1. Identify all residues within the range A:91-112 that are within 13 Å of chain B (Cβ to nearest Cβ), touching an Asp or Glu at 6+ places or on another chain (Cβ under 9 Å), over 14 Å from B:Thr193 (Cα atoms) and hydrophobic (A, V, I, L, M, F, W, C); write none if there are none.
2. Six or more apart or on different chains, Cβ under 7 Å: which pairs go from a residue in the range A:126-147 that's part of a loop (DSSP other than H, G, I, E, B) to one that's acidic (Asp, Glu)? Could you list them?
3. If A:Cys60 passes every condition in (1) more than 9 Å from every other protein chain (Cβ to nearest Cβ); (2) out of contact with any helix residue (DSSP H, G or I) (no Cβ under 8 Å at 6 or more places or on another chain) but one, which one does it miss?
4. Somewhere in the range B:102-110, is a residue under 15 Å from the mean Cα position of the chain (by Cα) and assigned by TED's automatic domain parsing to the domain that holds B:Tyr22?
5. So which residues in the range A:32-57 are more than 11 Å from chain B (Cβ to nearest Cβ), of a type in the set (Val, Ile, Thr) and surrounded by 22 or more Cβ atoms within 10 Å (Cβ to Cβ), if there are any at all?
6. Among the numbered criteria (1) under 20 Å from B:Gly252 (Cβ atoms); (2) surrounded by fewer than 17 Cβ atoms within 10 Å (Cβ to Cβ), which one does B:Asp166 miss?
7. Among the residues of the range B:16-31 satisfying the criterion of being among the hydroxyl-bearing types (Ser, Thr, Tyr) and more than 19 Å from A:Phe91 (Cβ to Cβ), which is farthest from the other protein chains (Cβ to nearest Cβ)?
8. Give me the residue from the range A:74-85 that is farther than 17 Å from B:Gly91 by Cα and at the interface with chain B (Cβ under 7 Å from one of its Cβ atoms) and, out of that set, surrounded by the fewest Cβ atoms within 10 Å (Cβ to Cβ).
Amino acid sequence: MSENLIKPENLVYQKTEALTDRVMHYCPGCGHGTAHRILAEVIQEMGIMDQTIGVAPVGCSVLAYYYFNVDMQEAAHGRAPAVATGIKRVFPEKFVFTYQGDGDLAAIGTAETIHAINRGENILIVFVNNGIYGMTGGQMAPTTLVGMKSSTSPFGRDTKTMGSPLKITELIAQLPGAYFVTRQAVHKPGNVRKAKKAIRKALEYQKLDKGTCFVEIVSNCPSNWKMTPVQSNKWMEENMFPYYPLGDIKVPEDN
Amino acid sequence: MKGNEALAEAAIRAGADAYFGYPITPQSEVIEYLMANKPEDRTGMVVLQAESEIAAINMVYGAAGCGKKAMTSSSSPGMSLKQEGISYIAGAELPCLLVNVVRGGPGLGTIQPSQSDYFQSVKGGGHGDYKLIVLAPATVQESVDYVKLGFELAFKYRNPVMIQSDGIIGQMMEKVELFEQMPRVEPNYEWATLGKKTDQPATFITSLQLQAEEQEKVNHRLQAKYREIEKNEVMFEKINCDDAEYLFTAFGSCARITRKAMEMARAKGIKVGLLRPQTLYPFPVDEFNKLADQVKGILCVEMNAGQMVEDVRLSVNGKTRVEHFGRYGGMIPNPDEILNALEQKIIGG
């Protein structure tokens with residue numbers, strides 16, 4: 001139908017081949033779909049679909065291997081950077097990425113995250129931070145903001161007993177193995193473009209064997225934040241961005 | 001050569017692509033030997049000291065998913081940490097080699113040798129219905145040979161294989177004949193993530209099936225594979241069983257001590273034989289069942305509180321008396337007490 005409506009010369013945007021046709025299970029308004037898409041677009045644009053191996057986490061993006069049209073491995077909860085290490089060490093010429101949420105990367109997988117980056121594993125880590133455990137139904141995450149309510153912090157996160165939201169990205173940026181560390185968002189067209197550019201940079205650096213590149217995407221969770229998509233984006237801008245400010249955190253010195 | 005070092009050398013020679021490990025007594029010589037012998041230069045084999053046993057087993061998962069010959073080694077407390085990853089590897093049906101140089105437990109236990117991880121290795125120490133192929137070497141030579149065999153079986157069945165050794169085998173020095181260097185093989189498996197081929201759907205490796213119907217199908221496939229393994233891969237050694245009226249059974253290092261007890265018993269005129277399972281899974285069920293018709297009783301000797309003895313009892317299914325003698329917590333039995341146990345528990349019992 002759309003072929004009849006849109007003439008080829010007017011076509012400005014089409015679905016990337018690096019995503020499959022499978023319908024995504026993500027909730028309406030969730031940032032995962034966009035984050036998947038820009039990563040897939042970069043993979044296709046670089047012509048590396050046949051050389052890329054991705055690692056899916058446990059969390060909302062546990063089924064990412066159904067959506068990315070590249071070879072993928074599904075890791076145990078938090079272990080994606082270790083799995084990616086195993087892949088990259090035996091296939092140094094391939095492009096390897098992990099795609100992880102905040103619970104996966106910054107709670108149960110903190111050791112794997114820090115040590116893979118400390119070894120400077122030449123991989124891309126895409127870290128989607130929405131401040132909550134989405135898949136299991138809205139429990140408190142390491143990145144849940146102070147006072148933010150979740151099903152396991154029903155009266156709000158209390159720093160005295162629950163600790164403070166973990167700025168894992170600033171933490172890992174200290175490590176010599178981290179080559180390029182940036183924090184992006186995908187809720188507005190301008191942000192989508194910037195985030196895509198960051199992912200492109202990261203994979204270009206991987207080609208040059210530069211070390212770990214880390215792209216955080218601050219995102220929303222309308223379902224578990226119990227907001228409409230529009231409200232959740234507004235809430236994200238007003239509450240998440242002040243604590244997790246967007247922008248590059250570590251840029252290569254030799255660039 | 002020292003058991004752990006010989007095993008490490010065998011890994012290089014077996015054409016292993018990658019070793020990921022974390023130090024723990026009494027098996028740290030494996031990674032020390034590998035680091036010192038630069039397999040990267042010899043064969044291109046990758047050796048990496050991980051930040052934890054958990055990371056190491058997940059690195060194995062990643063490399064094995066690429067169709068590479070990957071392995072890890074540890075000792076009991078470390079092996080407990082690896083169980084999560086082992087379950088995922090079994091569920092995703094990836095081939096790999098695991099080595100457990102067992103020490104006494106529970107908990108931090110002791111660094112002295114033990115066989116108390118039999119249940120963990122044989123019955124599936126992680127979650128879910130899965131099986132490892134478990135090889136139990138009694139000599140340094142067997143530890144070497146089982147590295148080669150272990151990789152063969154792992155790839156034949158796409159299943160993790162464990163060499164369950166112990167602190168005695170790992171630490172002792174024996175003469176050993178090493179096999180010739182085998183080439184590393186470039187993987188070309190359709191199940192492995194090698195990079196998507198044009199015009200073919202992408203490959204993914206997972207142990208997740210959200211639909212129960214699908215997960216049951218996975219389990220059916222696994223169970224069918226295990227039946228196949230049980231049919232084809234049972235290994236055991238029989239000594240003096242032809243005329244035996246009584247039977248000793250033991251595995252690994254403990255079988256060597258028990259053999260001495262058998263010789264002492266024979267010298268006293270007691271007709272006793274020894275059945276030594278070399279594969280703990282698959283277990284030599286039929287052989288035990290056959291011998292149960294012949295002998296008046298079986299003494300299972302283990303360096304644990306009674307683990308393999310349960311499988312012996314299941315195998316003979318009440319046909320003959322089965323008793324256990326064990327020393328544990330890092331203690332090693334001596335032949336005198338084994339012979340005494342035979343006389344007290346089986347002959348006089």
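The values are calculated or read from the model by the stated rules, or taken from the named source; none is laboratory data. As the structure is a prediction and not an experimental result, all values here were calculated from the model. Ideal geometry is used to build each Cβ from the backbone, glycine not excepted, and the neighbour counts take in all protein chains shown.
1. A:Ala111 - this is the single residue of the range A:91-112 that is within 13 Å of chain B (Cβ to nearest Cβ), touching an Asp or Glu at 6+ places or on another chain (Cβ under 9 Å), over 14 Å from B:Thr193 (Cα atoms) and hydrophobic (A, V, I, L, M, F, W, C).
2. Partner pairs satisfying both residue conditions: A:Asn130/A:Asp102; A:Gly131/A:Asp102; A:Ala141/A:Asp102; A:Pro142/A:Asp102; A:Thr143/A:Asp102.
3. (2)
4. Checked the range B:102-110: at least one residue is under 15 Å from the mean Cα position of the chain (by Cα) and assigned by TED's automatic domain parsing to the domain that holds B:Tyr22.
5. A:Ile38, A:Val42
6. (2)
7. B:Thr25
8. Taking the candidates together, the pick is A:Ala84.
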